[in-house]
1. Pairs under 6 Å by beta carbon, first residue under 17 Å from ASN52 (Cα atoms) in the stretch 1-23, partner of a type in the set (Val, Ile, Thr) and in a helix (DSSP H, G or I), six or more apart or different chains?
2. Working carefully through the options PHE64, PHE142, PHE150, PHE125, find the one that is closer than 28 Å to PRO12 by Cα, at pLDDT below 95, among the hydrophobic types (A, V, I, L, M, F, W, C) and surrounded by fewer than 15 Cβ atoms within 10 Å (Cβ to Cβ).
3. Residues that are modelled with pLDDT of 90 or more and not in a helix (DSSP H, G or I): does the stretch 95-105 have at least one?
4. Among the residues in the stretch 25-43, are any of a type in the set (Gly, Ala, Ser) and either over 16 Å from the mean Cα position of the chain (by Cα) or over 21 Å from PRO121 (Cβ atoms) (or both)?
5. PHE125 - would you say it is free of Cβ contacts under 8 Å to residues at least 12 places away in the same chain, in contact with a helix residue (DSSP H, G or I) (Cβ under 9 Å, 6 or more places away or on another chain) and not in a strand (DSSP E or B)?
6. Which of the residues that make up the stretch 12-52 are acidic (Asp, Glu) and either in a helix (DSSP H, G or I) or surrounded by 16 or more Cβ atoms within 10 Å (Cβ to Cβ) (or both)?
7. For ILE58, state whether it is under 14 Å from LEU21 (Cα atoms), in contact with a Lys or Arg (Cβ under 7 Å, 6 or more places away or on another chain) and touching a residue at least 24 places away in the same chain (Cβ under 8 Å).
8. Name the residue that is nearest to ASN97 (Cα to Cα), counting only residues in the stretch 63-80 that are in a strand (DSSP E or B) and free of Cβ contacts under 8 Å to residues at least 24 places away in the same chain.
Amino acid sequence: MKIRKYNTKDIPSILGLIKELASFEKATEKVTNSAERMLEEQKYFECFVAENDNGEIIGMALYFFAYFTWVGKSLYLDDLYIKPEYRGSKIGTKLLNKVFEIAKNENCQRLRWQVLDWNNPAIEFYKKCGATLDEEWINCDFTSDNIDKFING
């Protein structure tokens, strides 16, 4: 197993993992992204992938830099996903280590991500890693359609 930075040929596999994650989270209909859009917008994200010995991408950690006014430059981990048959073999920890290294090397003041409140295995994993879980803040999201509706009144 090898951890490495993604390259453009990995994007279809990364999107496949994103769709697997959405299925696990019971939200497949919410994935509107495409490999073409990811290629066009790849300057907005970074990603580490985990490859098995056959070169198959079996996990990923997709992140981007953000700025939070209370703390400053931060790193946001948008997705951490490992194919189910490879879980429990420290791949998630290895991917997280890479993301933590980037956050440290880039002098980030915070590393943040989200987890669904019912995903107990992930919650326990993150607690074991030392994450602080905040149950106070609520996400506010607008889709592109809702952005148009807001602007157009």
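1. From the stretch 1-23, no pairs qualify.
2. Answer to the selection: PHE142.
3. No, the stretch 95-105 contains no residue that is modelled with pLDDT of 90 or more and not in a helix (DSSP H, G or I).
4. Among the residues of the stretch 25-43, at least one is of a type in the set (Gly, Ala, Ser) and either over 16 Å from the mean Cα position of the chain (by Cα) or over 21 Å from PRO121 (Cβ atoms) (or both), which makes the answer yes.
5. Taking the combined requirement at face value, the residue does not satisfy it.
6. GLU20, GLU29, GLU36, GLU40, GLU46, GLU51
7. It is true that ILE58 is under 14 Å from LEU21 (Cα atoms), in contact with a Lys or Arg (Cβ under 7 Å, 6 or more places away or on another chain) and touching a residue at least 24 places away in the same chain (Cβ under 8 Å).
8. This residue is PHE64.
The values are calculated or read from the model by the stated rules, or taken from the named source; none is laboratory data. Just so you know, these numbers come straight off a predicted model, no measurement behind them. Neighbour counts are summed over all protein chains in view; Cβ atoms, including those assigned to glycine, are modelled from backbone coordinates with ideal geometry.
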